Structures are given as C-alpha cells and as structure tokens.
Amino acid sequence: MAFFELFAVWGGVLVSIVASIAASILAFKLANREGTSIGGPRDIRAPKPLLERLVEVGFDWISPIGNPQSTLSKVFSTGRKDPRFCDETAIFKTKLGWRLGILPMIALLMAVTFSMVIEDGNFAAIDWYVVMAVTSFSIWITFYVFAFRVEVRGSELRSMGTFFNSNTYDLAKLREAQDLGDSYVLHFDCGARVPIPRYVEGHSTLKELVIHALNTNGR
C-alpha cells in the first residue's frame, strides 16, 4: 500500500507540474491573444484574408450570441486611442478595456475551479495542486496584463517580456512583423521574437512605426 500511496503523491506532483506548464502557456497566449487568425500569421501590412472576414460575418449572422471573439475584441479595445509621451519616448500601455475585461474572466476561472474542487467535499492532494496551479496562473496573468508596456524612442523599442523583464531592440534590425489576429510578433535579425498585444493604447501609431521601420529596412 505504501508504494501505491507514494505513487499517488508523486503522480499528483507530476500532474501539478504539467498543469502549471500548461497554464503558463495558456496564460501567455491569452495575454497576447496569439493564434486567433484563421489563415495563420500574415505580414503586418497585408489585409485580412477574405475567408477570415467571411467567417467573422457568418458568426455574427448565424450565432444567436454573435461572434464571441469580436465581442471580446470590442471590450478589450476600449480605452485611450493615443500613446502617452515622456519627452521623446512614446509609451504604449495596455488599454483599460483589456485590464478590466480580464478580471471577470479570471474570476470565472477561479470560481469554476473552486466549485469543482469542493463539489464532493473530499480534498485530495491533486485538488490542491490544481488550485495552486490555477491560482498562480490567475495572479501571473493579471499582473502581466496590468504591467505590460512598450516604449519607442527613435529606432529603439523596449518591450516587457513574459516574466516582466524589460528588453531593448533596434528597429533598424527589424526583419519581419507578423499579424496573428489579436497580436503582433516582431522578428529581429538577432533572432529575437517579440510578441506585442493589439490592445495597447496608441495601437495604430505603434503599427505605423513598425511598418515604417520595415519599409525603411527594405523588408
């Protein structure tokens, strides 16, 4: 019996680790809204494919609740339209709609998790591992959404990373910018890959700066 009890405990730990990794990946994708483009990544200068536009219109027409992604996009896009400036630095913070919109989603996730755990009144070790993983995920993504920012000064772009670290890149070395639907991914000559959510203040200005850098670089 001791063997099976030990196996169950370490099995729970393993599941917890896997769940934490999965939660981190989900958090990153949710925070950056990646991979929502039906046709896959496209150049930031390219128009939205006809098929994708038709599917969006079809959702709005067929679904009684409309297109959930379109609704979320409208909520997350609510807020300041222009970037903030400090001297010659343009600052692009996350929009108020995205900050406030993420809170009920996290609350719902936590509520569902806790209701499933306490439903039968038996608290197994794996239940606590799941709660810890979901709680960690919720705290991380909330801080990420509220803290994310991009700064542009001349040809220098500074962006917050996944773990809240700040990295600086030279736009003169930007070689590609992909549109993934609700986020952009910038690729630099050094091999760096920088995801930037669409829901930032001054989104249009930031997009124009990126396109200008690509054209200037002859890419």
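Just so you know, all these numbers are worked out from the coordinates, no wet-lab data involved. Everything numeric here is computed off the predicted structure, so don't read it as measured data. Cβ: placed from backbone, ideal geometry, glycine included. Neighbour counts: every protein chain shown.
Cα centroid separation, the range 178-192 to the range 99-157: 25 Å. You can think of it this way: the chain between ASP189 and PHE114 has 22.4 nm of extra reach, that is 0.36 nm per residue less the Cα-Cα gap.
Is the shape of the range 93-163 rounded, prolate or oblate, going by the alpha carbon gyration tensor and its root eigenvalues a ≥ b ≥ c, with a/c under 1.5 for rounded and a/b larger than b/c for prolate? Because a/c hits 1.5 or more and a/b fails to exceed b/c, the range 93-163 counts as oblate. About its Cα centre, the range 161-219 has a charge dipole of approximately 120 debye under the convention of +1 per Lys or Arg Cβ and -1 per Asp or Glu Cβ, with nothing else charged.
Sites listed here are chymotrypsin sites (Phe, Trp or Tyr not before Pro) in the range 93-133 whose DSSP assignment is loop and whose Cβ has at most 11 other Cβ atoms within 10 Å: PHE123. Pairs with C-alpha atoms separated by more than 23 Å, drawn from the list LYS48/LYS207; LYS48/LYS93; LYS81/LYS207; LYS48/LYS173, are LYS48/LYS93; LYS48/LYS173. With the highest mean first, a sort of the peptides 191-198, 41-48 on other beta-carbon atoms found within 10 angstrom per residue produces 191-198, 41-48.
Charge tally around GLU176: other residues with Cβ under 12 Å, Lys/Arg +1 each, Asp/Glu -1 each, net +3.
For the range 117-219, the alpha carbon positions stretch 63, 26, 22 Å along the principal axes, listed from largest to smallest.
Charges only on Cβ, +1 for Lys and Arg, -1 for Asp and Glu: so what's the dipole of the range 67-219 about the Cα centre, in debye to the nearest 20? Present the calculation step by step, with values, prior to reporting the outcome.
On the way: 16 positive and 15 negative charges, 89 e Å.
It comes to approximately 420 debye.
All other residues whose Cβ lies under 10 angstrom from that of LEU96 are scored, Lys and Arg at +1 and Asp and Glu at -1, for a net of +3.
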